[in-house]
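The values are calculated or read from the model by the stated rules, or taken from the named source; none is laboratory data. All values reported here derive from a predicted model rather than from experimental measurement. Reconstructed Cβ throughout: ideal geometry from the backbone, glycine too, with neighbour counts over all protein chains shown.
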Amino acid sequence: MTFKTRVKRTGCLLVVAAFALAIVSTVRPAPAAAYGLLSSRSIQMSSSANGATNTAYKVGFTTVTNNQNVGSVVVEFCSNTPILGDACTAPTGFNTNEATLAMNNLTGVVTGLSIDTTNSTANTVVLTRTVGTVTNGATSFELGDGTSNGITNPTNTNTTFFARIMTFTTTDGSGSETVDSLDAGGVALSTANVLNVTAKVQETLTFCVYTMANCAAGGTAVALGDSNGVLSSTSTTYTNTAKYDLASNALGGVAVKLKGDTLKSGSFSITPSGSTCTVDTAATATEQFGVRVSTAGAGQTADPIYACGVNNHSFDVANTNTIYGENISTTAGATDASTSTLELAAKSAGTTEAGTYTTTLTLIATATY
């Protein structure tokens, strides 16, 4: 073998060796990150609305490196990536409000944390503590209370942003994210449109006056007298009933008024019972016409003038026979549907003029909202 041949063969070996070294360099795995990966990590937001203020962020994570010396926990918010070591761009409009931000409900293995307002920034919260050994386990805390202090969400809606959660031995969160952090990990969050739900409740007043079995059956006739509709001047006072159903959502309540005159036949009239509850009389010389609320429905209260007991009636014609009438019952506020019963009573005297006596009584419900 000549020298030239040996040189040529040696050169080939050098080329092959260099090529092999290049392959080894290419496939050699990158060095592992220095930090342990936090497990069960999450951040719960009290509101996902874009630009929402005083938002509470509940941070939770589980450390995996046992007996680490933790001096601080750092939560850094980025719009572009949760990966440690990558440049972090603060989310648009996001603000931790570090000067007024409060931390609440700290639980778990990393104890004694408090907000470091000096080293925290608009997109980074540094939680400091006295350096001490921490066993691996779960920790959670809330940043903000969701009402009077908290974080301002990014102003872009339906937008993903990220947070990096890191533990450090330093008490001020200083150090390289990829080299000095003990345990770390990222989470993804997002703002979202809020749902604006609208439902209308209108003012309601249901009022029905009837004499039959129920409101649907109706009825307006109230006959007072014997089977022939004739009053007696003896001890008998004839009664009959009418009812009304009432329901309203009026917070100020409902007033039911009675409007009308006493029984009349042409220019003749039957004397009303008066403005107080009066016992039905048996005297043949006395005639009477009166009303009482014999049953007040649930939520309804009979006016004292008409809250008469059995065999007692009143009819305050000086007030019922006016433009708006007189209160007969009221409710204190909104009330569900209930039924009240009116008892009407009449008796003639021995001197009552013959004739057909009638009157038209109107019940008027007025709601105050």
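Put simply, of Thr139, Thr157, Thr147 the only residue that is touching a residue at least 60 places away in the same chain (Cβ under 8 Å), more than 17 Å from Thr124 (Cα to Cα) and assigned to a strand (DSSP E or B) is Thr139.
Looking only at segment 321-369, residues that are closer than 22 Å to Leu224 by Cα and among the aromatic types (Phe, Trp, Tyr) come to 1 in all.
Ile323 passes every criterion in (1) over 40 Å from the mean Cα position of the chain (by Cα); (2) crowded, with 19+ Cβ neighbours inside 10 Å; (3) under 25 Å from Gly253 (Cβ atoms); (4) aliphatic (A, V, I, L, M) apart from (2).
For segment 97-141, name all the residues that are farther than 14 Å from Thr167 by Cα, of a type in the set (Ser, Thr, Tyr) and buried (at least 20 other Cβ atoms within 10 Å of the Cβ). Ser120, the sole residue that qualifies. Across segment 268-278, not a single residue is classified as aromatic (Phe, Trp, Tyr), in contact with a Ser or Thr (Cβ under 7 Å, 6 or more places away or on another chain) and assigned by TED's automatic domain parsing to the domain that holds Ala354.
All of (1) farther than 16 Å from Leu363 by Cβ; (2) modelled with pLDDT of 95 or more; (3) surrounded by fewer than 18 Cβ atoms within 10 Å (Cβ to Cβ) hold for Thr281 with one exception: (2). Of the residues making up segment 88-133, those that are among the small types (Gly, Ala, Ser), more than 17 Å from Ser72 (Cα to Cα) and touching a strand residue (DSSP E or B) at 6+ places or on another chain (Cβ under 9 Å) number 3.
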